Each structure stands twice: as structure tokens, then as C-alpha cells.
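One structure below.
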Amino acid sequence: MNWGNSLGRMITNVSLVTVWSLDQERSRDFYVDKLGFVVNTDAVMGDGFRWITVNHPDHPELEITLRPPGPPLDQEAAAFVRRELGKGHLGALGLQVDDCHKTFQELSAKGVEFVQEPADRPYGTEAIIRDDSGNWLVLVEKKEFRPLDAG
Amino acid sequence: MVLDERRTRRAVPVELLPHLRHARDRIDREYHADLDLAALAATAGISKFYFVRCFEAAYGETPMRYLTRRRLERAQDLLRLANLTITEVCMTVGFSSLGSFSAKFTRLVGESPSAYRDRWAAHGGPRVPGCFLFMRGALDLRGTASPGRAAGPGCAIPEKPGGELGQ
């Protein structure tokens with residue numbers, strides 16, 4: 001069976017990912033004002049349900065929905081997610097950057113919290129930031145991986 | 001290690017969690033520096049006593065134990081990847097005594113720093129983004145770091161026998 005071909009016809013790409021948010025407007029502002037994303041959709045559906053997505057300006061094909069811990073989660077589950085966000089245990093996105101050190105300087109100047117400053121790795125340079133809800137996001141500047149470097 | 005937060009959950013208001021997180025993130029950023037409880041409690045904006053109690057209730061270990069584990073996790077990372085001596089690794093991650101470093105490393109990781117380094121040298125670095133290992137943080141050989149080595153007893157021995165909770 002040729003999975004490559006059949007899979008290619010069935011699923012073409014990832015179009016939506018979810019990021020937990022404690023406050024959708026604050027998160028929207030964080031992703032737009034601090035990280036440079038753009039609002040894709042902001043729609044109120046009634047009954048307290050608001051759908052907000054953002055995307056990277058060059059990649060509208062991948063939307064990020066900013067989702068508050070609420071229905072269909074029950075109250076206990078939603079409270080659990082809020083606590084895990086508060087503790088800082090939840091990770092959200094990996095973000096590719098051209099120059100990790102430069103981005104670190106720029107985001108720091110904007111007041112973005114860093115968990116880990118840029119660190120060199122065999123495969124590139126990485127840093128870890130927090131979003132406004134406490135999710136950790138990875139900034140990665142990739143380079144060609146040479147296993148010998150790791151020895 | 002099973003953390004029974006349910007017993008203590010009510011003790012830590014959800015509003016306080018981001019403040020505890022700020023202190024914990026500071027440990028993650030400045031593990032190599034001389035961090036003491038007063039400084040960390042100040043980062044959280046609460047008294048030392050309350051800070052230790054809430055931090056332990058939220059994260060299952062005291063702030064200073066978390067600091068020790070972060071230093072040991074960073075040491076593991078350097079031993080896997082960097083061309084440094086054991087003493088250099090010890091000093092780089094914030095320990096001042098090689099004896100203390102080696103003892104704590106061995107107790108938590110299940111093998112000595114040199115044995116750990118040599119085992120990884122034979123395999124090369126892990127093909128896992130370091131940031132995920134960093135955030136995983138744990139040092140047990142069952143999870144983050146076990147090329148060709150099965151999980152065994154003694155791999156995740158709590159630093160304090162029995163752990164700090166659930167007694």
C-alpha cells in the first residue's frame with residue numbers, strides 16, 4: 001500500500017491548532033502586538049462563545065485558535081486547565097526564527113518573559129518564552145544538524 | 001513520583017499560581033546563580049514561609065529542591081552535549097562542591113556524572129529538542145534520557161526518601 005500517495009490526497013496540511021487562553025482578548029493582543037501575528041477571525045456566537053483565531057502574517061493557512069478552558073470541558077476539567085496554565089506546565093507552539101538572539105532582544109524589550117535565554121544546540125539555537133496565559137512557546141533557529149557536533 | 005495535589009489544592013488559590021510560576025521561571029533562568037529563598041519569595045511577592053508552603057503544594061517539591069533538580073538537569077544536558085570536565089559542569093550549573101554535586105547527581109539520576117557522560121558519548125546526543133527536555137525537567141532514566149537502557153528500580157529515587165508529600 002502506498003501510504004504516501006493516499007495520505008497526500010486525504011490530508012493536505014495542518015490548518016488549525018489550539019492554544020489555551022485565560023483571556024481571549026489579552027491573548028489576541030499578546031500574539032498580535034508582541035509576536036507580530038494577525039487576527040484571522042473574531043466572531044461571537046452567542047451564549048458566551050467567542051471564536052478568535054490568529055495566524056502568522058505569511059501563513060494564513062495555519063490558524064491558531066485561542067481557546068478558553070470552558071465547555072465542552074466540565075467545570076472541574078476547566079479549573080484543572082486553568083491551574084496547569086497558572087503553574088506554567090502547558091506548552092503550546094514551536095516558532096521558527098531567523099535569528100534567535102535578535103528575537104530574544106526584541107521580545108525582551110517588549111516585555112515578553114523568557115524561561116530560557118537562547119541556548120546553542122547541535123541543531124540550532126533555542127529559547128523558551130511564556131505567553132500571556134502561561135503557555136511556554138519555543139523559539140528555534142534551525143541549522144543543519146551534524147551529529148558529530150553532538151559527540 | 002506521584003504528587004497528590006488534591007490534598008493541598010485548596011491551599012493554593014489559582015490567582016497565586018502565576019506568582020509561583022514567576023519564581024519557578026526565575027529558577028529556570030538563573031539556576032547557576034546564588035539564589036536563596038528570600039530572593040525567590042520576593043519574586044513571587046509573598047513571605048518566605050507562605051512561598052515555600054504554596055510552592056511545594058503546587059509543584060510537589062520545595063523551591064530549593066526544584067533548584068537542585070534544575071541544576072542537575074542542566075548538568076545532564078551539558079554531560080550529553082558539551083565537551084567539559086565533570087568539575088566544569090559542576091561549577092557551570094551552580095554547585096560549589098564537586099562532592100556534593102556528584103552525590104546528588106548519582107542519587108537522583110542513578111549513575112555517576114562520568115558514567116552518564118560516557119554512556120551518552122557512545123550514543124551521540126538525543127534527537128529531541130532540548131527545550132522540551134528542559135521543560136520536562138525530570139531526571140529519571142525511564143523518560144528523558146535512556147538510550148539502550150531499560151528502566152530499572154532506583155532510577156527515580158526522590159532526593160528525600162519518601163518525597164516531601166504524602167507522608
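Work the Kirkwood hydrodynamic radius out for the stretch B:13-60: mean of 1/r over every pair of different alpha-carbon atoms, inverted, in Å. About 10.6 Å, per the Kirkwood formula over Cα pairs. All Cα-Cα distances of the stretch B:27-136, cut into 5 Å bins from zero to the largest, leave 2, 12, 20, 21, 18, 13, 8, 4, 1, 0 percent in each bin in turn. Karplus-derived 3J(HN,Hα) values for the stretch A:131-139, using 6.51 cos²θ - 1.76 cosθ + 1.60 with θ = phi - 60°, are 8, 5, 8, x, 5, 9, 10, 9, 9 Hz; glycine and proline are entered as x. Placing unit charges on the Cβ atoms only, positive for Lys and Arg and negative for Asp and Glu, gives the stretch A:41-151 a dipole magnitude near 260 debye about its Cα centre.
Using θ = phi - 60° in the Karplus curve 6.51 cos²θ - 1.76 cosθ + 1.60, the 3J(HN,Hα) couplings for the stretch A:44-60 round to 9, 9, x, 6, x, 8, 10, 10, 10, 10, 10, 8, 5, x, 8, 9, x Hz; x is entered for Gly and Pro. Look at the stretch B:44-52: the mean tally of other chain Cβ atoms within 10 Å of its residues' Cβ atoms is 0. Over 21 Å, how big is the tail of the calculated P(r) for chain A, in percent of all Cα pairs? Percent of Cα pairs beyond 21 Å in chain A: 54. Per-residue mean of foreign Cβ neighbours for A:81-91 is 5 (Cβ atoms of other chains, 10 Å radius).
For the residues of B:14-22, the average number of beta carbons from a partner chain within 10 Å of their own beta carbon is 5.
For the listed peptides B:18-24, B:83-89, a ranking on the average number of other beta carbons within 10 Å per residue, highest first, reads B:18-24, B:83-89. Accessible area per residue was computed with a 1.4 Å probe on protein heavy atoms; A:S15 scores about 70 Å². Annotation for the stretch A:16-72: chymotrypsin sites (Phe, Trp or Tyr not before Pro) lying in DSSP loop with at most 12 further Cβ atoms inside 10 Å of their Cβ do not exist. Kirkwood radius for the stretch A:45-126, taken over all pairs of different Cα atoms as the inverse mean of 1/r, rounds to 15.9 Å.
The values are calculated or read from the model by the stated rules, or taken from the named source; none is laboratory data. Please read all numbers here as calculations on a predicted model, not as lab measurements. In this analysis, Cβ positions are derived from the backbone assuming ideal geometry, glycine residues included, and neighbour counts consider all displayed protein chains. Heads up: the accessible areas ignore ligands, DNA and RNA and are worked out on the full protein's heavy atoms, side chains in. Shrake-Rupley method; radii C 1.70, N 1.55, O 1.52, S 1.80 Å.
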